[in-house]
Every structure is written in structure tokens, then in C-alpha cells.
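Beneath this line is the structure, given in C-alpha cells, with notes to follow.
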Amino acid sequence: MDGLASILLVDDNPKYLADALPMYGYDVTVVTNGIDALKELSKEDKSYDLVLLDVMMPQMNGWDTLKAIRSNKNHKYLPVIMITAVNEDQKIVSGLKIGADDYIVKPFILPNLLARMEAILRRCKWQDENSSKKEVSINANTEIEALTSREKEVLALVAKGATNQDIADKLFVRDVTVKTHLNSIFKKLKVTNRTQAVLLAMQMNLIN
């Protein structure tokens, strides 16, 4: 990235990232709860390139804070990475549907977080330079094979947090058929798991 990226770190236990991120060239502002985060974002003399948002916090949790951020038209496209201690697809997918751009599960390796931050910041820079496009796919330079109507139907149910058995019951098919559809979806979208598939599909407007 050219210049210092401005990061808003929202975490009730911020010391590790607050100390580490400036060493990698980031300008970091720290708040310890969602209410203070919203106040910080409302300041007219300060703008941010990315928000790192912890899920479990006092006063206002990360999901509610994310909803409030996305309800403000000025921050509708502000990149947000959720930091969560819960590695559950359903909750992660719910966060992505609310408007998270990515997530990372605690405990995490710092280079992993840094790589995700850089990827999102690069996409945003590309987006600014190509303002005619409102959203950028995480695989923007890769051709994606079209999904069938049934695959889109399966993916839409995945996005709602449905398990394979839930999907099988809903579509009146066998569990193994659902797995076959998911494998085909992963291959076409060039992803490796359900969460990545949902994130990419939402960014490409393949599902609502």
C-alpha cells in the first residue's frame, strides 16, 4: 500500500494488535467497545481505511456494531474484518451477511491477519481506481464457471446457515447429493470451504 493505511481497532483487549500493527506501517487508533467505535467513525476530521472489529465486547458486541456501521451510508463500504473466538460456519456466515468483508478466528497467527488486511486494502484501492464497479470479487482476475440454478439454490441455503441435512430435507434429495453440489460449487468458484463460497457469491451477486 502507498502511504500509511489508517486502521480502527475495536477490541476490549487491544494491546497485542495495538503494539504490533504500527510496526508493520499501519496508523492505528484504538477503542475498546462498539459505542466508542461509532463515535470515532462519526468524527468528520478522521477517516479510516479498515476496521478490525472484535465480536465479544462489553456495551455493544461486534455484530451489533457492524450493523450500525453498515446502516450509515457513509460507511456502507468501509472494509471490516471481524475477529472472533467462535469458529462456527453459521455465525461466521451470519456476520458476512450483515456486511463483514472477512473474518479471522482467535487464536490467529499475525501474518495471516496481515495478509487478509493487505488483500482487502488492495481490493479497495483497485475499487477506487475503477469507481464504475461498486464491488470487487475476491477472485476478480479469475474467470468463474457459471453455477446451475440448483447450485445457486444450495448456496443460498448455505448462506442462511443450513446444514447439509437441512438442505437435503428442504430440497428432497439425499445428503450425498448435497455434498456433490457443494463440491461442484467449490470447484467452480475456486474456493475450499462453505464460508469462502458464500462470501464470494455475495460479492458477485450470485445470491441475495
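The values are calculated or read from the model by the stated rules, or taken from the named source; none is laboratory data. The structure presented is a predicted model; accordingly, all values stated were derived computationally and were not measured. Reconstructed Cβ throughout: ideal geometry from the backbone, glycine too, with neighbour counts over all protein chains shown. We work out accessible area using only protein heavy atoms, side chains counted, and drop any ligands, DNA or RNA first. Shrake-Rupley method; radii C 1.70, N 1.55, O 1.52, S 1.80 Å.
From (1) modelled with pLDDT under 75; (2) part of a loop (DSSP other than H, G, I, E, B), pick out the condition that doesn't hold for W126.
(2)
Applying the selection to the range 1-48, what residues are hydroxyl-bearing (S, T, Y) and touching an Asp or Glu at 6+ places or on another chain (Cβ under 7 Å)?
S6, T29, T32
Select from the range 101-112 the residues that are without any contact (Cβ under 8 Å) to a residue 40 or more places away in the chain and of a type in the set (A, V, I, L, M, F, W, C) and write down the one among them that is least open to solvent (accessible area, probe 1.4 Å).
Looking at residues that are without any contact (Cβ under 8 Å) to a residue 40 or more places away in the chain and of a type in the set (A, V, I, L, M, F, W, C), I get I104.
A quick yes/no check of all residues on (1) closer than 20 Å to G161 by Cα; (2) without any contact (Cβ under 8 Å) to a residue 40 or more places away in the chain:
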site	(1), (2)
P58	no, no
N61	no, yes
T65	no, no
R70	no, yes
L78	no, yes
M82	yes, yes
M117	no, no
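Tell me which of these I144 doesn't satisfy, since it passes every other one: (1) modelled with pLDDT under 85; (2) hydrophobic (A, V, I, L, M, F, W, C); (3) crowded, with 18+ Cβ neighbours inside 10 Å.
Here I144 clears every test but (3).
For residues in the range 71-84 being within 17 Å of D36 (Cβ to Cβ) and assigned to a loop (DSSP other than H, G, I, E, B), which is least open to solvent (accessible area, probe 1.4 Å)?
L78
If a residue has to be open to solvent by 60 Å² or more (accessible area, probe 1.4 Å) and farther than 19 Å from F108 by Cα to count, how many in the range 37-61 make the cut? First the steps, then the outcome.
Of the range 37-61, the ones open to solvent by 60 Å² or more (accessible area, probe 1.4 Å) are 39, 42-47, 49, 56, 58-59.
Narrowing further to those that are farther than 19 Å from F108 by Cα: 39, 42-47, 49, 58-59.
Total satisfying the criteria: 10.
All but one of (1) within 26 Å of M82 (Cα to Cα); (2) hydroxyl-bearing (S, T, Y); (3) surrounded by 13 or more Cβ atoms within 10 Å (Cβ to Cβ) hold for S184, so report the exception by its number.
Going through (1) within 26 Å of M82 (Cα to Cα); (2) hydroxyl-bearing (S, T, Y); (3) surrounded by 13 or more Cβ atoms within 10 Å (Cβ to Cβ) one by one, S184 breaks only (1).
Only residues that are surrounded by 13 or more Cβ atoms within 10 Å (Cβ to Cβ) and of a type in the set (D, E, K, R): list them for the range 1-36, please.
Scanning the range 1-36 gives D11, D12, D27, D36.
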